[in-house]
C-alpha cells in the first residue's frame, strides 16, 4: 500500500451530549471502517478523535504510505494545518490569549500528524460525498448507543 485515502466525521446530539466518531480508510481494494463514541462530549472533540484514530490506523497498516485525509470539519483542518503553529508558539493560547480548547486532543493529533504527514482536504458535509455520508451514518449509530 503506497497511498491511503481516509474520510472522517464526528458529531454529537446536543453540544455537549452523546457523541460519535467514525472513519473509512481505503487503500487500493482494501477498506477499513471504525467508529466509537462517548456519552458526554462535544462535536469538536469527536471530529478530532475521528482524525486521530484514522491516522493511527493508517500508520499501523502502512507506515510511510502517502495519506490523504478528507474531513468535513473546517475546525480540525484549519487547526492542524494553520492555527496549531501559533498555538504552540504562544503556549497553547489562542490569538485572544485564551487557552486552546481540547488541547490534549490537539497534542495527540499533532504527534500522529508529524509521523504520518497526511494531506488534509475539506469536503462539504451532507452533500452526497459517498464515504463522508457513510461516516455520518456510523456517527449516528454511535450516538444512538447512548440514548
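We did not get these values from a lab; they are worked out from the coordinates using the rules stated. Keep in mind it's a predicted model, so treat the numbers as computed, not measured.
According to the square roots a ≥ b ≥ c of the eigenvalues of the Cα gyration tensor, what is the shape class of the chain, taking rounded for a/c under 1.5, prolate for a/b larger than b/c otherwise, and oblate for the remainder? Since a/c reaches 1.5 but b/c is at least a/b, the shape of the chain is classed as oblate.
Max-minus-min Cα coordinates of region 1-44 on each principal axis give 38, 13, 11 Å, with the largest extent listed first. Normalised by the number of residues in region 6-67, the average gap of Cα pairs under 8 Å and 6 or more apart makes the relative contact order 36 percent.
Helical runs assigned H by DSSP (4 residues or longer) give the chain a calculated mean residue ellipticity at 222 nm of -12500 deg cm²/dmol, each run adding -39500 (n - 2.57) before division by the residue total. When the chain is treated as a GNM with alpha-carbon contacts under 10 Å, the residue of 67, 134, 100 showing the greatest mean-square fluctuation is 100.
Over region 80-147, what relative contact order in percent results from Cα pairs under 8 Å that are six or more residues apart?
Values: 21 pairs, mean separation 12.1, N = 68.
Value for region 80-147: 18 percent.
Run the numbers on region 1-130 and let me know its relative contact order in percent, using alpha-carbon pairs under 8 Å that are six or more apart.
On the way: 236 pairs, mean separation 34.0, N = 130.
The value is 26 percent.
Taking the DSSP beta bridges with both ends in region 21-134, the antiparallel portion is around 65 percent.
Centroid-to-centroid, using Cα positions, region 1-45 and region 80-102 are 24 Å apart.
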